[in-house]
Amino acid sequence: MQRGVVSDGERLRALAARTEVFLLDMDGTVYVGDRPIGEMKGTLAAVRAGGRRIVYCTNNSSRSAASYEQKLRALGLFDARDTVFTSGMAAIGLLRERYAGKSVYLVGTDALKAEFMAAGVPLAETEEGAEVAVLGYDTSLTYEKLVRINRMLVQGKPYIATHADDVCPAEGVYPPDVGSFIQLLKRSSGREPDVICGKPHTVMGRMLTAALGVPADRVTMVGDRPYTDIRFGNNNGFSTLLVLSGETRAEQVPRLPASDTPTAVAESLNDLAAYL
C-alpha cells in the first residue's frame, strides 16, 4: 500500500475482483452503535449481487451468533446468505479438535455457555474435575469465577482464551475485555493462554477458510482496527481493507507497522460499491 493513501481506486478494484468472501467486522465497520454507516444496506446488497459471500466476524464472545444476527436483521444488514462467526465459535472448534469429550470450566456469559452446550462441549460447574480452562468475555464475571479458573491455571491445566482485546467498544468509557482478564490472571497464576482463538490470531482464520472451502487469497478482512482486524487478515494470508469509519484516523495510516498495514484503505466500506 502506498503510504498516506486514504482511498486508492485501483487497489479497491483489484481487491474486489479477487475476493469471494468478505469477512466484516461490525461496530465501526458496518454500523456505529445502532446506526448503519452511510448507505451500508445498498453496499452489502451489491456485494451479494456480485456473488460474494459475507461473514460477520467478531471477537466479542459475550453474545451468541444468533443475537448478532438478530441485531443485524433489525438494522437491515443481514441476509439469509450471510453468516456470523465469533471467537467463541472458534474456541468450540478448537476444543473439538484438541480436547474432544474433555470437561471444560468456562468463564463466560450464559449465552456463551448455551453455545458451548449446544455444540456438545461438556461443561463443569466448578473447576474440580474440569480438564480444560476457557476464558471468554464474561460480563457477569465474579471473583469466585476468577479464583476457580486461577486454580486450574496454577495446576497446569490447558488454558484457552476466546480473544485478547483489552477493552470492548462502547458508548463513553470502554469496559475491560478478555485481554484485561488475561493480564489479571497472569499476575496471579504466572500464565498466559496456551491458545488465543480470535483476531488477530490464526485459529479463527483457519477454521473460517476450512468451513467456507475458500483459499485464503480469495478472502478479504474488512475492519477499522489495524491491530486486530488488519493484523488478523495479514496473519492468515487474506487481503485486508482498513476503513476509516471507526477507530482509525487517516493520519495514523502512514505510521502503521508492517504487521498492521492493509492491502487498501477506504473512508468506509461504502467506497467499495463502485468497484463491485
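The values are calculated or read from the model by the stated rules, or taken from the named source; none is laboratory data. Values in this document were obtained by computation on a predicted structure and should not be read as measured data. So basically every Cβ, Gly included, is an ideal-geometry build from the backbone, and we count neighbours across all protein chains shown.
Brief remarks on what is shown
- Restricting Leu244, Leu256, Leu269 to those that are closer than 21 Å to Val30 by Cα, surrounded by fewer than 22 Cβ atoms within 10 Å (Cβ to Cβ) and over 16 Å from the mean Cα position of the chain (by Cα) reduces the list to Leu244.
- Segment 150-175, subset touching an Asp or Glu at 6+ places or on another chain (Cβ under 7 Å) and either among the β-branched types (Val, Ile, Thr) or within 20 Å of Asp25 (Cα to Cα) (or both), residue modelled with the lowest pLDDT: Pro169
- Residue satisfying all of: in segment 79-128; in contact with a Leu (Cβ under 7 Å, 6 or more places away or on another chain) and part of a strand (DSSP E or B); farthest from Val147 (Cα to Cα) among these: Phe85
- Check on Leu75, buried (at least 18 other Cβ atoms within 10 Å of the Cβ) and over 15 Å from the mean Cα position of the chain (by Cα): no
For (1) of a type in the set (Ser, Thr, Tyr); (2) more than 24 Å from Gly42 (Cβ to Cβ), each residue gets a yes or a no:
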| residue | (1), (2) |
| --- | --- |
| Ile54 | no, no |
| Ser61 | yes, yes |
| Leu72 | no, no |
| Ala80 | no, no |
| Met89 | no, yes |
| Gly93 | no, yes |
| Val104 | no, yes |
| Val121 | no, yes |
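- In segment 55-75, the count of residues that are at pLDDT below 95, charged (D, E, K, R) and assigned to a loop (DSSP other than H, G, I, E, B) is one or more.
- Residue within segment 148-160 that is among the aromatic types (Phe, Trp, Tyr), closer than 14 Å to Ile182 by Cα, surrounded by 19 or more Cβ atoms within 10 Å (Cβ to Cβ) and touching a Gly at 6+ places or on another chain (Cβ under 8 Å) present: no
- Considering segment 34-72, and only residues there that are over 17 Å from the mean Cα position of the chain (by Cα) and closer than 22 Å to Thr139 by Cα, the residue that is surrounded by the fewest Cβ atoms within 10 Å (Cβ to Cβ) turns out to be Asp34.
- Residue within segment 153-160 that is closer than 18 Å to Thr86 by Cα and within 17 Å of the chain's Cα centre (by Cα) present: yes
- Selection count, segment 129-171, where residues are assigned to a loop (DSSP other than H, G, I, E, B) and without any contact (Cβ under 8 Å) to a residue 12 or more places away in the chain: 4
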